[in-house]
Amino acid sequence: MLTITWQEEIASLKQDLNKEIKKISGNSEINIPNHICINNLKSKLERLDEIEKILSIEKYKIAFIGTIGQGKTTAICHLFNLISDFNVSKTIANKSRNVIETKELLSTGGGKTTICEVIIKAAEKAYIEIEPYAVDEMENLIFDFCESIANKDNPNPDQKIIISKEVERAIRNIIEMKSRYQTISEGDKKKTEIDVAQEEFEKLGLDEFKKLALNNARLESRTTNKIEFDNKKNEQEWIKNTFASVNNVEFKEFAIPRKIYLYVSYDVLSGSNLSQFDSVVDTKGLDENPIRKDLQKYIENQDTICLFVTPFNAAPEANISKLIVYHLASKSKDFHHRFVTLVLPKKNEPEKVNECDGDYDTGIQIRKKEIQTTFRNLKLEFFLENILFYDALRYYRDDIVKLNTDIYSQEDVQADKNEFIKAIAGVIERRRNLLLDEIKNIQESFTRIKNGDALTVSEIKAIENAIHKIKDLRYLNKRVPTFVYKEFIDTYVEYYRIVYRAWNTKHAIHRNFGYYEPRNIDIYYDMRVVAEGTDEDEMLKKFTKQAKHELENILTELTSANESLKTFIPELVIKFNSLYDDFITEVGVEIEHEAIRKLSPQSTDSEFWTALINEKGREKRKGEKYGDNVCQTWKRELETEPSLNTFLEIKAGQYWAELVTKILKFFGQ
Ligand SMILES: Nc1nc2c(ncn2[C@@H]2O[C@H](COP(=O)(O)OP(=O)(O)O)[C@@H](O)[C@H]2O)c(=O)[nH]1
Ligand SMILES: [Mg+2]
């Protein structure tokens, strides 16, 4: 049997579409039905281009996204063979003993372990490369650290600076002020921590302490971005040690990384499936704010499978739900084709699920259904097959991390990995098949349109009537009153107050003029998210819901007995939904840019930023609170004319009008 490839199918279909467009465009008079037809065919061409691009993706990236400390890195390491056995000494039954344990090559532990995103790729030879922080950013982090030391014992909680563990660790290494441990004999021997930084601060005072720290850091000489495997010891050990050193910034010639690229040789990866993917991304763990700009690119990239990691007992976890809800609200984008929920059970959790009679697999099936129901209740589409389970340590002993060979073998471990990889391949395969079906549908629709009857007079009348009604919807302000936009700044400021709850997170954001890189905070992006609406029933998504339905209804009502219209109109509705999702994004991005403009200069030359920064440590009247004060300052600044509320209203109106124009264009208007 002669089979044609999808490439050939697309090429020939495109050719036919172009021919037909040319033919119709050649008519002496182009009437409404001709316009509808031409534009429909043009949309088909555009969509075919998109499909072609997606089907051409050879290797996918897989991005692990999830809350800090839930086992992302552990899962990645076990799945892709980034583990090895190491001699370690461990205190078991009150005695220190030398044992062999299986350890992950990337740093894992009680959360706060990895300083930034890590991208893992296969290569001929192992090496590590970083994208560094800029010198002035590192300087800021060092000063933050110095101030945190200076304020350590401040009884006023409003003046204590807390910086995250992983940043503190890096800074202490950079400025050569690691804590020392000293054994003091006083009856019982005791180990006490000596904080070198604290000592220096007490000796020197804050200003000199800062100078010393900066001097020790030698930031200008930290220009190396790459380190290669030296072939000396074994590669696994090199990866583990070097990764830890880069992550903790122990090398003098390395800056703090904002991204780490780990290249692993095919030797180490043997038996792993990593090389069948472009890369595996261990994103920075989610903390208070899951809707983050750095994750958006993975979510939007057609070549990335997003794995939303969630613990078994709380699946789907709250952070993950918020993130998914925000993105899946853009229904036209088919994100759910690439979204996977990856549940990480620990040990016997599945066996404890109600009504599974202690059976592991039944427990998993029950939980899987529950998760899908939760998504459904949130009105989100999620394929049941895209809910996966993986327990990296399922077959390991409890006392030491080592395969429990009394019961299990390497084959059991491998079988679970294989199942996971097969499931991911399945996600990609399902997506391909949906697209291949879509090509068929485009072909069939084209045939129907070509063979369709001409529109009758009454049908044309109905279309003209619809055009009239659509034109009437061009002005969004006739549907959405001005006062609703007045909620925006208040809603945003409340988001800011609550999401970055700790005062010193707010202070860090102020000091960096709206950004805080170590935690991927970008308040301008946040304004975009709030303006768009964190779910379907918030802000712009809520305001325009009614108008959107009206437009959709006008279009849907056109579906009459005419075969061509039956084809045209539902396709136009799909197109409209995608234009609507673009509309939301466009307005959101405008808000983001306007906020950057409005709050510039992003420096201490700005009174606004200076006021926020100075709020720290300012003498306060009784009952006055840091959070209230800074929120007030925010509100006032965003409301200065022209206020961001007004800007939102104007942009919403403008892009809505453009959206309606695009729809009218379909009818040749
Ligand atoms: N029992 C068990 N513990 C796990 C599992 N996965 C991770 N952990 C532990 O959870 C902690 C955090 O894991 P890590 O991979 O560093 O989390 P991440 O911050 O999401 O990358 C570590 O102490 C791991 O040993 C698992 O499958 N089973
Ligand atoms: Mg991690």
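Some notes on this structure:
So that you can scan it fast, the table gives a plain yes or no per residue for (1) farther than 30 Å from L269 by Cβ; (2) in contact (Cβ under 8 Å) with a residue 12 or more places away in the chain:
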residue	(1), (2)
T373	yes, no
L378	yes, yes
A423	no, yes
R431	no, yes
N465	yes, no
H468	yes, no
L473	yes, yes
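- In the stretch 90-120, the residues that are in contact (Cβ under 8 Å) with a residue 40 or more places away in the chain, farther than 23 Å from E250 by Cβ and of a type in the set (K, R): K90
- Inclusion of E607 among residues that are among the acidic types (D, E) and crowded, with 16+ Cβ neighbours inside 10 Å is not warranted.
- Those helices (runs of 4 or more DSSP H) of the stretch 210-310 in which 1 or more residues are without any contact (Cβ under 8 Å) to a residue 12 or more places away in the chain and either on the phi > 0 side of the Ramachandran plot or touching a Ser or Thr at 6+ places or on another chain (Cβ under 9 Å) (or both) occupy 293-300.
- Some residue of the stretch 75-83 being in the same structural domain as S272 (by TED's automatic domain parsing), closer than 30 Å to R222 by Cβ, away from ligand 1 (no atom under 11 Å from the Cβ) and among the aliphatic types (A, V, I, L, M): yes
- Identity of the residue in the stretch 47-69, assigned to a loop (DSSP other than H, G, I, E, B) and out of contact with any Gly (no Cβ under 8 Å at 6 or more places or on another chain), that ends up nearest to ligand 1 (Cβ to nearest atom): Y60
- For the stretch 327-378, the set of residues classified as among the hydrophobic types (A, V, I, L, M, F, W, C) and assigned to a helix (DSSP H, G or I) consists of L328, F335, I364, I366, I371, F375, listed by residue number.
- Residue satisfying all of: in the stretch 430-463; in a helix (DSSP H, G or I) and over 44 Å from the mean Cα position of the chain (by Cα); surrounded by the fewest Cβ atoms within 10 Å (Cβ to Cβ) among these: V457
- Selection from the stretch 102-119 of residues that are touching a Phe, Trp or Tyr at 6+ places or on another chain (Cβ under 7 Å) and near ligand 2 (Cβ under 10 Å from one of its atoms): L106, S107
- One residue from K402, K417 being more than 25 Å from V88 (Cα to Cα) and either surrounded by fewer than 16 Cβ atoms within 10 Å (Cβ to Cβ) or in the same structural domain as G71 (by TED's automatic domain parsing) (or both): K417
- Qualifying residue in the stretch 167-183 (condition: surrounded by 17 or more Cβ atoms within 10 Å (Cβ to Cβ) and more than 31 Å from the chain's Cα centre (by Cα)): yes
- Residues within the stretch 12-61 that are surrounded by 14 or more Cβ atoms within 10 Å (Cβ to Cβ) and either within 25 Å of G452 (Cβ to Cβ) or acidic (D, E) (or both), tallied: 26
- Selection from the stretch 300-321 of residues that are surrounded by fewer than 18 Cβ atoms within 10 Å (Cβ to Cβ) and out of contact with any Pro (no Cβ under 9 Å at 6 or more places or on another chain): E300, N301, Q302, D303, A314
- Scope the stretch 260-293; condition within 16 Å of ligand 1 (Cβ to nearest atom), within 26 Å of I57 (Cβ to Cβ) and in contact with a strand residue (DSSP E or B) (Cβ under 7 Å, 6 or more places away or on another chain); matching residues: I260, L262, V280, V281, D282, T283, K284
- Some residue of the stretch 385-406 being among the aromatic types (F, W, Y), within 16 Å of ligand 2 (Cβ to nearest atom) and in contact (Cβ under 8 Å) with a residue 40 or more places away in the chain: yes
- Residue selection: I324 satisfies the criterion of being part of a helix (DSSP H, G or I) and either surrounded by fewer than 16 Cβ atoms within 10 Å (Cβ to Cβ) or within 15 Å of the chain's Cα centre (by Cα) (or both).
- Taking (1) of a type outside the set (D, E); (2) within 16 Å of ligand 1 (Cβ to nearest atom); (3) more than 13 Å from the chain's Cα centre (by Cα) in turn, K331 satisfies each apart from (2).
- Number of residues in the stretch 6-46 that are assigned to a helix (DSSP H, G or I), without any contact (Cβ under 8 Å) to a residue 40 or more places away in the chain and charged (D, E, K, R) equals 7.
- Qualifying positions in the stretch 97-133 - touching a Leu at 6+ places or on another chain (Cβ under 9 Å) and within 16 Å of ligand 1 (Cβ to nearest atom): T102, E104, L105, L106, T113, T114, V118, I119, I120
The values are calculated or read from the model by the stated rules, or taken from the named source; none is laboratory data. Model, not experiment: these values are computed from the prediction. All Cβ positions, glycine included, derive from the backbone under ideal geometry; neighbour counts span all protein chains shown.
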